[in-house]
Amino acid sequence: MQAAEADLGRRHKAAATTVVGLLVGVILISIVAYLGKRFFTPQQNPTLDMGLRISILILGLGAIALRRTRFSAMRLQDIGALKGSKGLLSTLERTTLQLALLGAGIAALGFIGTVLTANDIYTYWAGLIALVVLIYSYPSRQAWKRTIQQFADDEKRN
């Protein structure tokens, strides 16, 4: 159990640090868009406008659906029964990082839209959605610990 606790601490710290770093990155992208908007060339492109809005919306909703699917109780129970606490921790960490990268991708997509059209609203809206995704994916150590206690089946595996 102490090995699982140490692994929990290590993996949680890595995931939490990554999410916080990406949160800071999203905020920095918004600042860059604000400070650099006078250097961008304004262009009207309705096709790009609609494509960006739909892509950002789908990625944001997809992140929520991904998290709910990957962290469903039945799935975690199966992983805990087959792989024990190490498998659960690996799944928790991997899913958290995937969601965080999806959030960063949303922010990057908005920034690219701002660079291409000189409309800084893309970065702000995408940044806001990315912040929601990143905050939603932030790993709670207590939740991870409860998940391990509830679903890990290490006693039967040893």
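Where a number appears in this text, it was derived from the coordinates with a stated rule and is not lab data. A quick note: this is a predicted structure, and the numbers were derived from the prediction, not measured. So basically every Cβ, Gly included, is an ideal-geometry build from the backbone, and we count neighbours across all protein chains shown.
Structure summary
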{"item": "³J(HN,Hα), Karplus 6.51/-1.76/1.60, whole Hz, each residue of the range 127-139, x for Gly, Pro", "result": "x, 5, 5, 5, 4, 4, 5, 5, 5, 5, 8, 4, x"}
{"item": "Ordering of 72-81, 109-118, 58-67, 122-131 by burial proxy (mean other Cβ atoms within 10 Å per residue, highest first)", "result": "122-131, 109-118, 58-67, 72-81"}
{"item": "Sorted largest first, extent of the chain alpha carbons per principal axis (Å)", "result": "64, 25, 16"}
{"item": "Spatially near lysine pairs across the range 2-157, Cα under 18 Å, sequence gap of 8 or more or different chains", "result": "6"}
{"item": "Given charges at Cβ of Lys, Arg, Asp, Glu: the chain dipole, positive-most of Pro46, Leu88, Thr18", "result": "Leu88"}
{"item": "Value of relative contact order over the range 106-158, rounded to a whole percent, pairs C-alpha under 8 Å and six or more apart", "result": "28"}
{"item": "Mean separation of Cα contacts under 8 Å, 6 or more apart, over the residue count of the chain: relative contact order %", "result": "38"}
